[in-house]
Amino acid sequence: MDQAERIDLKEEATTDVDNSHICTKATDSTEKHVSAIDPVLLPTNWPTHVKYLTDYAYHPSIAADTLALVQGRRRRKRDQAQDPRSNVDSDEEKPRTEQEQEYDEIPLGDALPGLLPSLSSSSTTTSSSSSDPSSPQYEIRLITSPPTHPVLGSYGLFACTTLRPGTHLLDYISLVAPDAAADPDSDHTLHLHSDLNLDASLQGNHGRFVNDFRGIRSQTQGPNVAWDLYRDTRTGQVRMGCKVLKRIQPGEEILCTYGKAYWKSRGVAAPGPEWEDGWDTDLEDDSDVE
Ligand SMILES: C[S@@+](CC[C@H](N)C(=O)[O-])C[C@H]1O[C@@H](n2cnc3c(N)ncnc32)[C@H](O)[C@@H]1O
């Protein structure tokens, strides 16, 4: 952890006239490595009690083997061993453990650079992400309307630009903790893989602000984004991506499903379909939408 990139940036407010909403724009000059983002660089509406992370933090109780797998170190070692120029010992002759095989099955994907979202798309390999680094794709907003909104007075994540189905928008960055160390009272948890969970209650990124669609979009509309587990092609690190399912207009709230189990564990009925299929099965065909 703590490989956060510091970007010396100045923030300026810009108004999107067409959509009557304000998004925060940022420009960078130099890049350095420090342990955390400077308070002045934090996103608008970022809570003071939460540390902003640009990469995962790992709970000290995670077993060494599991940590090597979830961080991708075990995979990198294997890849290096296959390189004829390398003198790294190969693990290939050793039979794959059940746990290694389980991690091998996680689909590969390209991680977004661990920067603030306003800058994160500048060097991404995903063609579906925004190519304009000075134009953030989303921002945290205090929810003040409509009066029926279930989390009125709390925060949510909102689109600043049009987001197309299939876009890899962000990753849910937080503390990675095993079940045994999970905080049962945390409202900012997401299952990662096996017995590992993501907990962004005290450290995280924009992902922690994505609300559940219930009471905001209809059951027929469903969520407009979905969480998608992947292993970074480059590093082998296991990450939780957020993919756009349906076209999201500027100013629209970015909403996922927490799953029925989340609400059931909190004594809340969650009617309607499960909405927990893979993100690509619910992907809207955007080809004829203008
Ligand atoms: C990950 S947080 C979402 C961000 C939160 N609004 C904030 O400002 O930190 C999850 C919590 O937000 C609230 N929440 C999110 N979506 C909701 C919904 N559709 N209906 C009711 N509460 C919701 C619940 O209290 C839930 O435990």
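Side notes on the structure shown:
- Filter result for P178 (in contact with an Asp or Glu (Cβ under 8 Å, 6 or more places away or on another chain) and more than 10 Å from the ligand (Cβ to nearest atom)): yes
- Residues that are among the charged types (D, E, K, R) and more than 10 Å from the ligand (Cβ to nearest atom) were ranked within the range 200-247; the one that is farthest from D187 (Cα to Cα) is R234.
- Residues that are open to solvent by 20 Å² or more (accessible area, probe 1.4 Å) and among the acidic types (D, E) do not occur anywhere in the range 205-224.
- Of the residues making up the range 138-168, those that are assigned to a loop (DSSP other than H, G, I, E, B) and within 16 Å of the ligand (Cβ to nearest atom) are I143, T144, S145, P146, P147, T148, H149, P150, V151, L152, G153, S154.
- Per this entry, H193 is not counted among residues that are open to solvent by less than 20 Å² (accessible area, probe 1.4 Å), within 17 Å of the chain's Cα centre (by Cα) and over 23 Å from A269 (Cβ atoms).
- Output for the range 246-285, where each listed residue is part of a loop (DSSP other than H, G, I, E, B), modelled with pLDDT under 90 and over 13 Å from R214 (Cβ atoms): S265, G267, E276, D277, G278, L283, E284, D285
The values are calculated or read from the model by the stated rules, or taken from the named source; none is laboratory data. Keep in mind the model is a prediction, meaning the values are calculated, not measured. Don't worry about glycine lacking a Cβ; one is built from the backbone with ideal geometry, like all the others, and counts go over all protein chains shown. Areas reflect the complete protein model, heavy atoms only, side chains present, ligands, DNA and RNA absent. Shrake-Rupley method; radii C 1.70, N 1.55, O 1.52, S 1.80 Å.
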